[in-house]
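S.K.: I have a structure I would like to understand better, so I am pasting it below and will then ask my questions one at a time.
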Amino acid sequence: NKAVSNKTGEVQLFLSEESSGGHRIYDSGEGWKSISVSCVALDEFFNNTSRIDLIKIDAEGSEPLIFSGMEKIIKENLDLVIITEFWPYALKKAGFDSHDFLVSLEDSGFVIYLVDENEKKLKIHSSKDLFSKYGEKKSSLNLLLKRR
């Protein structure tokens with residue numbers, strides 16, 4: 001059991017009273033209790049793995065940290081598919097810019113697909129288009145990332 005981040009070591013895990021799925025590795029200013037936990041970068045955790053096909057990330061706004069800790073995985077696994085949460089409100093609380101995060105995904109070679117829950121479809125979006133439509137929303141979206 002470890003938190004995932006951009007480094008290996010220790011982090012504070014802030015505990016949501018509402019849901020264990022809401023715990024975060026940043027202080028959201030809501031007065032949550034915290035505990036110290038071990039954390040790991042995915043590049044280090046999967047150091048001896050030859051191939052990775054799929055990664056699912058839902059980190060309550062800490063997604064940019066996770067991506068920066070898996071640069072080697074992204075570079076070496078050209079068929080990698082990533083499903084990640086995009087929650088602009090949480091990204092901002094964690095100290096990240098949601099537009100910059102989307103641009104970094106494209107810069108890593110990914111095509112961004114919005115998982116449209118209502119229509120049960122994947123819809124391609126550019127970072128600019130996705131940000132203009134959803135960049136200020138308080139609710140989260142799921143994105144599927146893959147290379148062309």
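The values are calculated or read from the model by the stated rules, or taken from the named source; none is laboratory data. In this text the structure is predicted, and so the values were computed from the model without any measurement. Positions of Cβ are generated from backbone atoms using ideal geometry, with glycine treated the same way; all protein chains shown enter the neighbour counts. Ligands, DNA and RNA are stripped out before the accessible areas are found, and what is left, the full protein with its side chains, is counted by its heavy atoms. Shrake-Rupley method; radii C 1.70, N 1.55, O 1.52, S 1.80 Å.
S.K.: Which whole-Hz ³J(HN,Hα) couplings does region 94-111 yield from phi under the Karplus relation 6.51 cos²θ - 1.76 cosθ + 1.60, θ = phi - 60°, glycine and proline marked x?
M.R.: Whole-Hz 3J(HN,Hα) from phi for region 94-111: 7, x, 10, 9, 5, 5, 4, 4, 4, 4, 5, 5, 5, 4, 7, x, 8, 8.
S.K.: Provide the gained length on full extension for the span LYS137 to SER28, in nm with one decimal, where the gain is 0.36 nm per separating residue minus the Cα-Cα distance. Walk me through the numbers before you get to the answer.
M.R.: Working: separation 109, 0.36 × 109 = 39.24 nm, distance 1.72 nm.
Extending this stretch completely gives an extra 37.5 nm.
S.K.: Another question about this same structure. Skipping prolines and chain starts, which residues have an amide H placed within reach, meaning under 5 Å, of the one on TYR26, given they are 5 or more residues away or on another chain?
M.R.: PHE14
S.K.: Near the amide H of VAL4, under 5 Å away, which other amide H atoms are found, from residues 5 or more places off or on another chain, if H is placed in the peptide plane?
M.R.: Sorted by chain and number, the residues that satisfy this are VAL40.
S.K.: Would you mind telling me the share, in percent, of accessible area of the chain contributed by carbon and sulfur at probe 1.4 angstrom? Don't jump to the answer; show the numbers that get you there.
M.R.: Values: 4170 of 8740 Å².
Result for the chain: 48 percent of the exposed heavy-atom area is carbon or sulfur.
S.K.: Using the Karplus curve 6.51 cos²θ - 1.76 cosθ + 1.60 with θ = phi - 60°, what ³J(HN,Hα) values do you get for each residue of region 7-17, in whole Hz, with x for Gly and Pro?
M.R.: Once θ is set to phi - 60°, the couplings for region 7-17 become 8, 9, x, 10, 9, 8, 9, 8, 9, 6, 7 Hz.
S.K.: Around LYS128, what is the net charge, scoring Lys/Arg as +1 and Asp/Glu as -1 over all other residues with Cβ under 15 Å from its Cβ?
M.R.: On the way: positive: LYS123, LYS133; negative: ASP97, ASP100, GLU106, ASP107, ASP129, GLU136.
Summing Lys/Arg as +1 and Asp/Glu as -1 gives -4.
S.K.: Still on this model: To the nearest 20 debye, what charge dipole does the chain have about its Cα centre, counting +1 at the Cβ of each Lys and Arg and -1 at the Cβ of each Asp and Glu?
M.R.: So the magnitude is around 300 debye.
S.K.: Which value, in Å², gives the accessible area per residue of region 1-144 when a 1.4 Å probe is used on the protein heavy atoms? Could the numbers behind the result be given before it?
M.R.: Details: 8380 Å² over 144 residues.
Result: 58 Å² of accessible area for each residue.
S.K.: Efficiency by 1/(1 + (r/R0)^6): what FRET value for SER50 and ASP100, r their Cβ-Cβ distance, R0 = 30 Å, to the nearest 0.05? Intermediate values should be presented prior to the final figure.
M.R.: Values: r = 32 Å, r/R0 = 1.05.
FRET efficiency, SER50 to ASP100: 0.40.
S.K.: Are any of the pairs LYS7/LYS56; LYS92/LYS120; LYS56/LYS121; LYS2/LYS137; LYS2/LYS72; LYS72/LYS121 more than 26 Å apart by Cα-Cα distance, and if so, which?
M.R.: Working: LYS7/LYS56 18 Å; LYS92/LYS120 28 Å; LYS56/LYS121 18 Å; LYS2/LYS137 29 Å; LYS2/LYS72 20 Å; LYS72/LYS121 30 Å.
Exceeds cut-off: LYS92/LYS120; LYS2/LYS137; LYS72/LYS121.
S.K.: Taking the Cα atoms of the chain, what is the range of coordinates along each of the three principal axes, in descending order and whole Å?
M.R.: Here the spans come out as 41, 38, 25 Å, largest first.
S.K.: Can you tell me how much longer the chain between ILE124 and LEU78 gets when fully stretched, taken as 0.36 nm per residue apart minus their C-alpha distance, in nm with one decimal? It would help to have the intermediate numbers written out before the result.
M.R.: On the way: separation 46, 0.36 × 46 = 16.56 nm, distance 1.86 nm.
Full extension from ILE124 to LEU78 adds 14.7 nm.
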